[in-house]
Amino acid sequence: MIQEELLTLLRNKQYGAVKTLVQDMNEVDVAEAIEEIFEENEEPETLLRLFRLLPKETAAETFAYMHSDVQQKLVELLSDNELSYILDDMYLDDYVDLIEEMPANVVKRLLQISSPENRKLINEYLRYPEDSAGSLMTNEYVYLKPRLKVSQAFDVIRKTGIDKETIYTSYVISGDRKLEGVVTIRELLLADPNMLVGDIMNTNVIRAHTLDDKEEVAKLFSKYDMISLPVVDNEERLVGIITVDDAVDVLQEENTEDFEKMAGMAPSEEEYLKTPIWKLAKNRIVWLVILMLSSMITGAMLEHFEAAIAAIPLLVSFIPMLMDTGGNSGTQASTMVIRGLALDEIEPKDSFRVWFKEIRVALLVSGGLALINFARIVIQYHDVAVAAIVSLTLIATVCIAKSLGCLLPMLAKKLKLDPALMATPILTTVTDAASVLVYFSLTMNILADRL
């Protein structure tokens with residue numbers, strides 16, 4: 001393992017070998033190795049010594065890839081001069097992320113040693129809502145003027161591009177910084193050196209506004225296969241760009257949040273192994289209490305039909321199967337619909353089309369399950385009436401579950417709620433109650449003479 005090799009070299013004070021090893025490693029891998037050394041509770045001096053041995057040109061990028069716990073420890077260990085060098089070399093969006101994740105006392109020190117220009121920019125970026133495009137953007141982009149020749153554009157890119165997060169796409173702006181178009185390095189390379197940038201730029205620019213929802217903005221990267229997206233203000237002036245790495249992070253966070261909500265948990269922003277036990281319990285217990293209390297409805301129904309259960313004890317043995325089948329059927333439908341909503345494949349206005357599709361699936365699936373159960377019950381218990389009740393209940397339960405599974409997420413989306421809230425936990429509880437009600441209603445009517 002790399003971290004073990006690094007630790008051995010550090011303990012043996014073979015610093016030259018450490019420098020040789022890390023300079024050939026990717027910054028992400030170096031950051032992971034430092035994190036693992038930190039998690040092994042090594043002496044702080046070991047962590048600091050390793051970081052100081054990193055090449056200066058990669059130290060800031062490596063720092064940006066580290067977990068906030070390791071970043072905080074290094075901030076506490078590094079001198080003001082060392083920290084200032086790293087902060088000045090970081091991309092602005094990574095710098096803003098660092099400020100947002102650090103405790104107040106650390107933020108105060110970071111801002112004190114930041115340059116006045118960086119402090120001003122950070123304060124501007126922090127004013128944007130957390131879920132907005134403005135909170136994701138960076139100001140490290142290359143911009144050109146439309147009257148520049150292609151040869152002059154390359155001079156600008158060479159001069160200014162060294163500190164930019166991406167130079168593949170350059171943004172063409174007017175004198176008042178309004179976004180007029182975009183041009184790629186490929187287009188510049190293939191163009192005549194004497195042509196004007198304004199003549200080859202693409203004026204049909206996909207853009208975001210500073211207050212747009214960051215999840216919707218992130219979806220644009222997948223839809224249009226972009227590596228960067230310009231962000232403009234209300235007056236269409238270019239104020240920053242969002243890069244694909246930040247968009248991927250947003251989609252990953254949103255997917256994780258949806259999974260947690262679908263499982264009946266409050267979303268958590270921390271990694272699983274680094275989340276305290278009490279916080280995991282707090283995130284789960286609220287939903288568990290709600291679902292436990294809601295399941296009392298099903299219990300009350302069973303109590304209401306106690307006489308039927310006492311008269312025909314065999315009925316009880318089929319209740320778990322009916323409930324589980326209903327819950328599983330609803331989960332299948334809700335998962336597909338929530339995914340479709342997340343990818344913009346379907347919209348709330350498609351509710352009837354989605355329901356009609358799912359109800360036909362439900363009839364086909366439940367019909368097959370009903371036939372299997374009817375044959376099994378007749379062969380095993382020789383009771384055609386009970387077999388018919390279970391089979392009819394199964395069909396009704398699957399149809400109800402799939403209807404709720406597709407309609408509840410659509411309703412949530414229409415009400416501006418997260419569709420994931422209507423997933424497994426709530427859906428299963430409602431479906432369980434519906435299946436019990438249908439089951440014993442059929443029983444009371446078909447087997448009235450036996451009760």
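Values for this structure:
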{"read-out": "Ordering of 437-445, 289-297, 78-86 by burial proxy (mean other Cβ atoms within 10 Å per residue, highest first)", "value": "437-445, 78-86, 289-297"}
{"read-out": "Sequence-distant aspartates and glutamates (8 or more away, or on other chains) whose Cα lies within less than 12 Å of K223", "value": "D344, E345"}
{"read-out": "Radius 10 Å from Cβ of V390, net charge of other residues (Lys, Arg +1; Asp, Glu -1)", "value": "0"}
{"read-out": "Rough spin-label spacing in nm, given labels placed 7 Å along Cα→Cβ, for K178 and E101", "value": "4.0 nm"}
{"read-out": "Entries in K73/K108; K282/K414; K214/K282; K13/K56; K357/K414 that, when Cα-Cα distance is taken, lie over 23 Å", "value": "K282/K414; K214/K282"}
{"read-out": "Total charge dipole magnitude, region 333-396, about the Cα centre, Cβ charges on Lys, Arg, Asp, Glu only, Debye to nearest 20", "value": "120 debye"}
{"read-out": "At least 24 Å along the helix axis (C-alpha) and Kyte average at least 1.6, DSSP helices within the chain", "value": "384-414"}
{"read-out": "Amide H contacts under 5 Å for S132, placed H, 5+ residues apart", "value": "K214"}
{"read-out": "Inter-centroid distance (Cα atoms) of region 92-134 relative to region 11-61, Å", "value": "26 Å"}
{"read-out": "Long-range HN-HN contacts of Y143 with modeled amide H, under 5 Å", "value": "Y171"}
{"read-out": "Cα centroid of region 140-186 to Cα centroid of region 292-332, whole Å", "value": "66 Å"}
{"read-out": "Rg/Rh for region 141-256, where both radii come from Cα atoms and Rh is the Kirkwood radius", "value": "0.99"}
{"read-out": "Rh (Kirkwood; distinct C-alpha pairs) - the chain, Å", "value": "26.9 Å"}
{"read-out": "Taking the chain and dividing mean pair separation by its residue count, relative contact order in percent (alpha carbons under 8 Å, at least six apart)", "value": "11 percent"}
{"read-out": "Alpha-carbon radius of gyration plus Dmax, which is the widest Cα pair, for region 42-114 in Å", "value": "11.2, 31"}
{"read-out": "Residues of region 109-254: accessible area per residue with a 1.4 Å probe, Å²", "value": "53 Å²"}
{"read-out": "Distance cut-off 16 Å, percentage of C-alpha pairs in region 329-421 lying past it", "value": "55 percent"}
{"read-out": "Convex hull volume per residue for region 54-156, taking Cα atoms only, in Å³", "value": "138 Å³"}
{"read-out": "Cα-based reach from K145 at 16 Å (exclusive), listing lysines while leaving out same-chain residues under 8 positions away", "value": "K159, K178"}
{"read-out": "Shape category assigned to region 3-94 from the gyration tensor of Cα positions, a/c cut at 1.5", "value": "prolate"}
{"read-out": "Sulfur and carbon atoms: percent of accessible area, the chain [1.4 Å]", "value": "57 percent"}
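The values are calculated or read from the model by the stated rules, or taken from the named source; none is laboratory data. Predicted model, so just to flag it, every value in this text is computed and none were measured. Using ideal geometry, Cβ is built from the backbone for each residue, glycine included, and neighbour counts are taken over all protein chains shown. Heads up: the accessible areas ignore ligands, DNA and RNA and are worked out on the full protein's heavy atoms, side chains in. Shrake-Rupley method; radii C 1.70, N 1.55, O 1.52, S 1.80 Å.
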